[in-house]
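Asker: First, the structure itself, so that you have it in front of you.
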Amino acid sequence: MTDEANPFESLQEQIDDAAEHLGVADDVLDRLKHPERVLELNLSVKQDDGSLERFRAFRSEFNGDRGPYKGGIRYHPGVTRDEVKALSGWMVYKCAVVDIPYGGGKGGIVVDPSDYSAAEIERLTRSFAEELRPFIGEDKDIPAPDVNTGQREMNWIKDTYETLENTTEPGVVTGKSLEAGGSEGRVEATGRSTMFTAREAFDYLDKDIEGASVAVQGYGNAGHIAAYLIEDLGANIVAVSDSSGAVYAEDGLDAREVKAYKNETGSVSGYPDADEELTNEDLLTLDVDLLVPAALENAIDGDLARDVRADVIVEAANGPLTPEADDVLTEADVHVFPDILANAGGVTVSYFEWVQNRQRFYWTEERVNEELERHIVSAFDDLTECYESFDLPSFRTAAYVVAVQRVADAFADNGNWP
């Protein structure tokens, strides 16, 4: 893994790769490669001991040509301005590739939440929500959970916004608890779309997912749910990892039991039914049928990609491969199914939640999952049709060709003002 790859530059390179196959004018393309606005904040928050601590925070609104800005808020010590810009751009094209009427946004606070009490995190979240208040709203910009945030933080943002605006507006955020207006199926959505993408990919490549060996890097929400849903298809989860390391079992791990062990101990390391412990790098280079990177950006750089032995990669994380890694894996005939399709379940079910909030009419989990499957399968078919008809080098390029064209068409239809 490298710390040098700039995720924003990676995004721009991916857009340029797609543009080579499109007739988008250079001036329009330049517009599609940069955020419309980036808010940078310094939040002064009272700590439990009465002292003040300053936190840097960001919100990037990348493009609103197809609808309101949409995207998560992450709490992580590695959050940077360029990372948030990149993530907001990926959201634009993720929404476009699954054809839901959103633009893209992203936010983050430079913080390790494990270092703070729940009360301190609440005050930090509400402070951020107060500053975001003029910019967010169900028709403007709709935050959601991301790394180290979840229903709790979204409930606090919603409550802060509604209190200050003296209104009821559950659609101001998505990823809320059910009691606060959340949607059935939202917690599993990202892992579920990863599973649908893996299933469709193996079918498209004429491979059998039943009995396939699978390694999952990152065992948080997306990773562990993808693991057990893929396991339910008959695949064999041979290795999983988190920040503490990786565990491996040749005959397969029980994905749900590993998660229960992690919940109990705080890590997957030490899982008693594993054959051996590995490093994260070991896991990424295992000889498996399917590799699912489900951690953070730039997990696989060009150097590491040369050692990757997986036949198929389905990206549950955002930007887990650098552009150089993409080139290496394309040359090696490794089939990579990109993040902007595979992990789009989260934003797709967020869209369903927003629709339900607007209508004040709520769906069953069965309906949510059926609609999600329909969207992901349709997007997969659009991607593979583009891949074949343009004779493209990779499925990622195909996804961006589809997405960039849709955003460019929306801009052309809207026109430019003033």
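Asker: R0 = 25 Å: FRET efficiency of D203 with E370, Cβ-based, nearest 0.05?
Answerer: Numbers: r = 19 Å, r/R0 = 0.74.
It comes out at approximately 0.85.
Asker: How much length is gained on full extension from D307 to D287, taking 0.36 nm per residue of separation minus their Cα-Cα distance? Mind showing how you got there, number by number?
Answerer: On the way: separation 20, 0.36 × 20 = 7.20 nm, distance 0.97 nm.
Stretched out fully, the D307 to D287 stretch lengthens by 6.2 nm.
Asker: How do T197, T364, T190 stack up against each other in accessible area, from largest to smallest, with a 1.4 angstrom probe?
Answerer: Details: T197 0, T364 85, T190 25 Å².
Highest to lowest solvent-accessible surface, that is T364, T190, T197.
Asker: What is the Cα centroid distance between the range 99-114 and the range 150-177, reported in whole angstrom?
Answerer: 15
Asker: In addition: With the contact rule set at Cα under 8 Å and sequence spacing of 6 or more, what percent relative contact order holds for the chain?
Answerer: Numbers: 895 pairs, mean separation 72.7, N = 418.
About 17 percent, as a whole number.
Asker: Roughly to the nearest percent, how much of the accessible area of the range 274-341 is carbon and sulfur, given a 1.4 Å probe?
Answerer: Values: 880 of 2400 Å².
For the range 274-341, the apolar C and S fraction of the accessible surface comes to 37 percent.
Asker: With charges only on Cβ, +1 for K and R and -1 for D and E, what is the dipole size of the chain about its Cα centre, in debye, rounded to 20? Walk me through the intermediate numbers first.
Answerer: Values: 36 positive and 84 negative charges, 423 e Å.
The dipole of the chain has a size of about 2040 debye.
Asker: Pick from S51, S88, S394: which is most flexible by mean-square fluctuation in a GNM of the chain where alpha carbon atoms under 10 Å apart are linked?
Answerer: S51
Asker: To make sure I understand the rule: partners must be aspartates and glutamates, Cα under 13 Å from the Cα of K46, and not fewer than 8 residues away in the same chain. Which ones qualify?
Answerer: Answer for K46, where 13 Å is the Cα cut-off: E120, E122, listed by chain and number.
Asker: Tell me, what HN-Hα J-couplings in whole Hz come from the Karplus equation 6.51 cos²θ - 1.76 cosθ + 1.60 at θ = phi - 60° for each residue of the range 40-55, using x for Gly and Pro?
Answerer: Karplus-based 3J(HN,Hα) across the range 40-55 equals 10, 10, 10, 9, 9, 10, 6, 8, 4, 8, x, 7, 9, 10, 9, 10 Hz.
Asker: Now, a different point. Would you work out what percent of the accessible area of the range 37-188, with all protein chains in place, is carbon or sulfur (probe 1.4 Å)? Before the final figure, lay out the partial values.
Answerer: Values: 2390 of 5510 Å².
Here carbon and sulfur together make up 43 percent of the probe-accessible area.
Asker: In nanometres, what is the gap between the two model label sites at D409 and E53, each 7 Å from Cα along Cα-to-Cβ?
Answerer: If labels sit at D409 and E53, their model points lie 4.8 nm apart.
Asker: Give me the percent of DSSP beta bridges within the range 55-214 that run antiparallel, rounded to the nearest 5. Each step should come with its number before you reach the end.
Answerer: Values: 7 of 15 bridges.
Just about 45 percent of them are antiparallel.
Asker: With each run of n ≥ 4 DSSP H residues scored as -39500 (n - 2.57), what mean residue ellipticity at 222 nm is computed for the chain after dividing by its residue count and rounding to the nearest 500 deg cm²/dmol?
Answerer: For the chain, the value works out to -14000 deg cm²/dmol.
Asker: Which entries in the list K94/K140; K106/K140; K207/K262; K33/K140 go over 23 Å, if you measure between the two C-alpha atoms of each? Present the calculation step by step, with values, prior to reporting the outcome.
Answerer: Working: K94/K140 18 Å; K106/K140 13 Å; K207/K262 31 Å; K33/K140 20 Å.
Going by Cα-Cα distance, K207/K262 fall outside the 23 Å limit.
Asker: Leaving ligands, DNA and RNA out of it, work out the accessible area of D159 with a 1.4 Å probe and give it in Å² to the nearest 10.
Answerer: Roll a 1.4 Å probe over it and D159 shows about 60 Å².
Asker: Would you kindly state how much longer the chain becomes between F361 and D333 on full extension, computed as 0.36 nm times their sequence separation minus their alpha carbon distance, in nm to one decimal?
Answerer: Values: separation 28, 0.36 × 28 = 10.08 nm, distance 4.65 nm.
Working it through step by step, the gained length comes to 5.4 nm.
Asker: Ok, one more. What list of ³J(HN,Hα) values in whole Hz, one per residue of the range 176-181 in order, does the Karplus curve 6.51 cos²θ - 1.76 cosθ + 1.60 (θ = phi - 60°) give from phi, with Gly and Pro shown as x?
Answerer: Listing the rounded values in order: 7, 5, 4, 5, 9, x Hz.
Asker: Further question: Within the range 149-179, name every residue whose backbone N is under 18 Å away from a label modeled 7 Å from Cα of N263 along the Cβ vector.
Answerer: Counting backbone N atoms under 18 Å from the label point, the list is 149-152, 177-178.
Asker: Which residue fluctuates most in the GNM of the chain (Cα springs below 10 Å): V79, V187, V214?
Answerer: Result for the chain, Cα springs under 10 Å: V79 fluctuates most.
Asker: What's the longest uninterrupted piece of the chain once you rule out the trypsin sites (Lys or Arg not before Pro) that are loop residues per DSSP with at most 15 other Cβ within 10 Å?
Answerer: Values: sites that count: K140, K207, R306, R309, R360.
It works out to 1-139.
Asker: Continuing with the same structure: When the chain is modelled as a GNM with alpha-carbon springs shorter than 10 Å, which of N369, N148, N263 fluctuates the most?
Answerer: Residue with maximal mean-square fluctuation among N369, N148, N263: N263.
Asker: So between W417 and D82, what do we pick up on full extension, going 0.36 nm a residue minus the alpha carbon distance?
Answerer: This chain segment gains 117.9 nm when fully extended.
Asker: Taking the Cα-to-Cβ direction at E40 and at S389 and moving 7 Å from each Cα, how far apart do the two end points lie in nm?
Answerer: 4.3
Asker: Just how much of S44 is accessible, in Å², when a 1.4 Å probe is used and the result is rounded to the nearest 10?
Answerer: Accessible surface of S44 is approximately 80 Å².
Asker: Whole number in Å², please: accessible area per residue of the chain, 1.4 Å probe, ligands, DNA and RNA not counted. If you can, show how the numbers build up before the last one.
Answerer: Details: 16720 Å² over 418 residues.
Ligands and nucleic acids excluded, the figure is 40 Å² per residue.
Asker: Please report the antiparallel percentage of DSSP beta bridges with both residues in the chain, rounded to the nearest 5. Walk me through the numbers on the way to the answer.
Answerer: Working: 24 of 47 bridges.
Antiparallel: roughly 50 percent of the beta bridges in the chain.
Asker: What does the accessible area of Y362 come to, in Å² to the nearest 10, when a probe of 1.4 Å is used?
Answerer: For Y362, solvent-accessible area is about 100 Å².
The values are calculated or read from the model by the stated rules, or taken from the named source; none is laboratory data. Since the structure is predicted, the reported quantities are computational estimates derived from the model, not experimental observations. Please note: Cβ atoms are built from the backbone with ideal geometry, for glycine as well, and neighbour counts cover all protein chains shown. These accessible areas exclude ligands, DNA and RNA; they are computed on the full protein's heavy atoms, side chains included. Shrake-Rupley method; radii C 1.70, N 1.55, O 1.52, S 1.80 Å.
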